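One structure below.
What follows draws every value from the coordinates through simple rules; no lab data is involved. Predicted, not measured: the structure shown is a model, and the values here were computed from it.
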Amino acid sequence: MNNHARQTDQSDPRERRIVDMKIPLTWLISTAGTIILALAGMAISNTKNNEQTQAKIDTLITSFARLERRGDLTEARVDALRDASFATQRQLDAHAMRLEVLERAARK
């Protein structure tokens, strides 16, 4: 039986192989530090990008509000010009009617 156990050990080399997975502490600490610094850098970069994006959005909102006010002023001016045009047209029509009345009176 002892002979049989030896044959089993020799036939299966996986049982005899022992892998030592020791990692040096300095490598482990430096790798962890590098990962932490990389994550911190990404967080800071992300924060800066968010601030820049927010600043751009605020600028766009301000510009849009200014353009909206300018559009409202333009619409008000157009409305005033249209009203003035209608008033002028009514006056012209009234003058034309008076002129026709005067011309008819002069012909009689």
Review point. In µm²/s, what is D for the stretch 30-108 at 37 °C and 0.692 mPa s, where D = kT/(6 pi eta Rh) by Stokes-Einstein and Rh is the Kirkwood radius from Cα pairs?
Key: 172
**Study point:** J(HN,Hα) series, the stretch 94-108, from Karplus relation 6.51 cos²θ - 1.76 cosθ + 1.60, nearest Hz, glycine and proline x
**Key:** 5, 5, 5, 5, 5, 4, 4, 4, 5, 5, 5, 5, 6, 6, 6
Study note, to complete from the structure: Yeah, the stretch 63-108 with a ≥ b ≥ c from its alpha-carbon gyration tensor (a/c under 1.5 is rounded, else prolate when a/b outruns b/c, oblate otherwise) is prolate
Check your understanding: Mind checking which lysines have their C-alpha under 27 Å from Lys48, skipping anything on the same chain fewer than 8 residues away?
Key -> Lys56
